[in-house]
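Inspection log for the structure reproduced underneath, given as structure tokens.
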Amino acid sequence: MTELRKEINYVVACVSDFAHKYNISQKEAFEFLYEYKAIQFLKENYDIEHTLSMDEAISDLMMICEKNGGVL
């Protein structure tokens, strides 16, 4: 599997787990994470983020969103 494919799979997994944790649809989760720069954060920090637990990664995503004005 290529590195790009691994990154894409990781982002998809994070969006899915984020949606589940906050009881929203995957589409709503993606739009929220994209709008408040968490998708960009994941792409830029994949090398570090993918070594963390999923709970830690989801927590990081919410912190990034909140820092950029996102509230669920």
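Each reported figure results from applying straightforward, stated rules to the coordinates on display, with no laboratory input. No experiment lies behind these values; they were computed from the predicted model shown. Note that we place each Cβ from the backbone using ideal geometry, even for glycine, and neighbour counts take in every protein chain shown.
Here are a few things to note about the model shown:
- The set of residues from the range 15-52 being closer than 22 Å to residue 5 by Cβ and polar (S, T, N, Q) comprises 16, 26, 40, 45, 51.
- Flag if residue 29 is of a type in the set (Gly, Ala, Ser) and touching an Asp or Glu at 6+ places or on another chain (Cβ under 8 Å): no
- Pairing residues of the range 5-17 that are surrounded by 13 or more Cβ atoms within 10 Å (Cβ to Cβ) with residues that are not in a helix (DSSP H, G or I), at Cβ distances under 7 Å and at least 6 apart in sequence or on separate chains, gives 10/50.
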